[in-house]
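Inspection log for the structure reproduced underneath, given as structure tokens.
Values in this text are rule-based calculations from the coordinates and carry no lab data. All values derive from a computational prediction rather than experimental measurement. Cβ coordinates were reconstructed from backbone atoms using ideal geometry, including for glycine residues, and neighbour counts include every protein chain displayed.
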């Protein structure tokens, strides 16, 4: 539901600015390709390789839930592959699942050879930018205006996870201990590329209003490793686009041990996983907390009545000032529409 007039940005910002302790609850759906494709019954490969079909499928979902906030929103996402694929990883498309990284781009030992490409020319980021232009031109104005889709909208992987994909998670994580200098060289190059990619998106959508960065790698690191190897670069990206009205950090991994550092990112929406404490996260991070409903155990496998019960329990126990009630991470493929409706209508 739309809680207040004025669009997504104004609604969230008004909630963040109010000082009274009354809870602010908005249902939000985190929807990406795996949900769009599976609910529409189209081949994943066809969905990801056909911008016309991709846009049509996303609009169909929007029309099904046209009074509900969605994040990232209508957007030409290609899953985890664009940034890492542009940097040289081998990619494969499938008919039955999201496109996957088959092989890293190079060994951590060869990081000095990594060339930072122009995102408008590199494979996969070039495709996203091409699709983005198509979306921008062909999205019906009635859909765009309601939630300001594609207006200053940026969606991108973060430096930690993209770096891990480029050399492989094993080399990235072990390298923090054995080859720290090389990890810093890698993540510096990746961060520069991500900023170039964001700038290329902004050339199409205009000045930043909504910046969404996904990076699950912090949840795999200790406090000290995250602080040294990932935090400075992730923070740099958020601070570079701090003028955006809405700044979303997405990570369904449990990063409760990192909350004092994550707070420094200056995001104002923090997407958390199902195992992370809502109140502790809200108390430390201060921004809107999003998520916490288990996407598989609850939303996929439960009944609508049980989903509403879980949502009401979350809401009744929440002591913060802004909760975006949503799945802790992406919705599982083939989640029943009636279960999604139960989350949206949790208080009815």
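Brief remarks follow.
- FRET efficiency for the residue 67 to residue 174 pair, using the beta carbon distance and R₀ = 45 Å, is estimated at 0.40.
- Spatial separation of Cα centroids for segment 124-158 and segment 67-121, in angstrom: 18
- Here the residues 252, 236, ranked from fewest to most Cβ neighbours within 10 Å of their Cβ, fall in the order 236, 252.
- For residue 144 and residue 338, a Förster radius of 22 Å and the Cβ-Cβ distance give a FRET efficiency of 0.20, rounded to the nearest 0.05.
- Per-residue Cβ neighbour rank within 10 angstrom, fewest leading, 68, 303, 125: 303, 68, 125
- Computed over the chain, relative contact order equals 19 percent, with contacts defined as Cα pairs under 8 Å that lie 6+ residues apart.
- Between 179, 155, 229, the GNM of the chain built on Cα springs shorter than 10 angstrom shows 179 fluctuating the most.
- Choice from 320, 41, 329 with maximal GNM fluctuation in the chain (Cα, 10 Å cutoff): 41
- Simple spin-label estimate for residue 199 and residue 56 in nanometres, 7 Å along Cα-Cβ: 3.7
- Exposure proxy ranking for 48, 270, 131, based on other Cβ atoms within 10 angstrom of each Cβ and starting from the fewest, stands as 131, 48, 270.
- Inter-centroid distance (Cα atoms) of segment 305-348 relative to segment 161-198, Å: 35
- Stretched out straight at 0.36 nm per residue, the stretch from residue 102 to residue 256 would grow longer than its current Cα-Cα span by 52.4 nm.
- For the chain, the 222 nm mean residue ellipticity estimated from helices alone, with every DSSP H stretch of n ≥ 4 adding -39500 (n - 2.57) and the total spread over all residues, rounds to -13500 deg cm²/dmol.
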